[in-house]
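Read through the structure below, which is laid out as structure tokens, and then see the notes.
The values are calculated or read from the model by the stated rules, or taken from the named source; none is laboratory data. These numbers were taken from a predicted model, which means no experiment stands behind them. Here the Cβ positions follow ideal geometry from the backbone for every residue, glycine too, while neighbour counts run over all protein chains shown.
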Amino acid sequence: MTNVAARFLSIRSAIGALCILLLCAGCSVRRATLNEIVTPEQVNFIRIGQTTIFELAAKIGAPDEIAESDFGSLALYYWSDTKSAGLDFGAIGRLFLPYSPSMRLNKTGITPEQLQVMFDPQWTVRAYGFSRKSSDEPVIWFWPF
Amino acid sequence: MLLNRPLIGMILVLILVILEGCVVTRGTIGEPFKEEAISAIKKGKTTMAEVVSSIGAPDRIVRGNDREIFHYYYYDGKSPALLLLVLNFARMDIKSDNLYVFFNRDGIAEEVIYGNRTDRTRFRLWPFGD
């Protein structure tokens with residue numbers, strides 16, 4: 001009786017594992033992040049005409065780029081979050097067949113963001129702003145249409 | 001005892017399958033900064049030539065507010081991945097360190113800005129969450 005129960009349990013576990021395998025078959029989730037997000041709360045301390053680039057760097061770190069524009073010098077802070085997910089329907093076939101062609105749906109979303117700070121000739125903040133950002137994309141979103 | 005044998009076998013196969021798909025990648029651009037070389041830069045004293053001899057030639061020379069600025073950078077990326085037969089997870093974390101040395105018109109260091117982020121770069125596999 002115990003043997004029958006144990007066998008039934010192992011068959012059930014095997015079927016369960018196979019179901020999970022089939023559900024996940026062909027899924028790929030990739031993510032790449034560059035630097036850390038700078039939030040508006042982190043730059044609340046900036047006072048136009050008072051805060052210098054050196055005070056800014058002391059609080060939120062060195063910028064990724066300093067550039068010269070027609071309106072003055074600029075400090076740029078970059079960060080990005082790239083999310084990519086895919087579903088390959090051919091992967092299920094590859095579990096049982098020697099060859100199964102790829103039937104893949106993929107979607108990748110790259111969201112580069114930046115904080116731009118403009119300075120006057122004394123390196124005091126003249127203006128600052130964040131790049132525009134759409135809503136947060138989900139990590140798994142493979143439908144490309 | 002007999003029941004344990006297939007269980008051990010299954011666990012071994014599972015471990016082998018998991019380990020087989022493990023990929024660990026590390027990529028860097030440039031050289032990490034030496035803190036002592038940065039702290040050796042004295043504002044109002046250290047010359048452009050001394051900065052170049054202690055840290056090296058800059059990666060970029062920027063002109064800002066009529067001043068020469070040396071920009072040095074270092075990138076560090078860590079990327080673990082799990083590439084199984086049916087399921088793939090991969091995550092990459094890249095961070096950068098930046099060093100700026102501001103010079104006056106006489107080529108003397110006026111200010112130093114240094115930001116270190118790469119010590120917070122981590123091997124993170126799970127692609128979900130922050």
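Side notes on the structure shown:
- Filter pass, A:Asp88 being acidic (Asp, Glu), more than 30 Å from B:Ile69 (Cβ to Cβ) and within 11 Å of chain B (Cβ to nearest Cβ): yes
- Search result, residues across region B:113-130 that are within 9 Å of chain A (Cβ to nearest Cβ), modelled with pLDDT of 90 or more and buried (at least 17 other Cβ atoms within 10 Å of the Cβ): B:Ile113, B:Tyr114, B:Gly115, B:Asn116, B:Arg117
- Residues in region A:25-56 that are hydroxyl-bearing (Ser, Thr, Tyr) and either exposed (fewer than 11 other Cβ atoms within 10 Å of the Cβ) or touching a residue at least 60 places away in the same chain (Cβ under 8 Å) (or both): A:Ser28, A:Thr51, A:Thr52.
- Residues in region B:23-38 that are part of a helix (DSSP H, G or I) and either β-branched (Val, Ile, Thr) or under 12 Å from the mean Cα position of the chain (by Cα) (or both): 1 in all.
- Qualifying residue in region A:28-39 (condition: farther than 30 Å from A:Leu115 by Cβ, at pLDDT 80 or above, within 35 Å of the chain's Cα centre (by Cα) and at the interface with chain B (Cβ under 7 Å from one of its Cβ atoms)): yes
- Annotation for region B:26-47: at least one member residue is away from chain A (no Cβ under 12 Å), at pLDDT 95 or above, surrounded by 18 or more Cβ atoms within 10 Å (Cβ to Cβ) and under 24 Å from A:Ile66 (Cβ atoms).
- The numbered conditions (1) of a type in the set (A, V, I, L, M, F, W, C); (2) crowded, with 16+ Cβ neighbours inside 10 Å; (3) within 10 Å of another protein chain (Cβ to nearest Cβ); (4) farther than 24 Å from B:Tyr74 by Cβ are all true for A:Leu95 except (2).
- Only one of the listed residues (A:Leu74, A:Leu22) is touching a residue at least 12 places away in the same chain (Cβ under 8 Å), part of a helix (DSSP H, G or I), hydrophobic (A, V, I, L, M, F, W, C) and facing chain B (nearest Cβ under 9 Å). That residue is A:Leu22.
- Cβ pairs under 6 Å, 6+ apart, first in region B:59-72 and of a type in the set (Ser, Thr, Tyr), second outside any strand (DSSP E or B): B:Tyr72/B:Pro58; B:Tyr72/B:Asp59
- A single member of A:Gly93, A:Gly86 is touching a Gly at 6+ places or on another chain (Cβ under 9 Å), over 18 Å from B:Arg117 (Cα atoms) and not in a loop (DSSP other than H, G, I, E, B), and it is A:Gly86.
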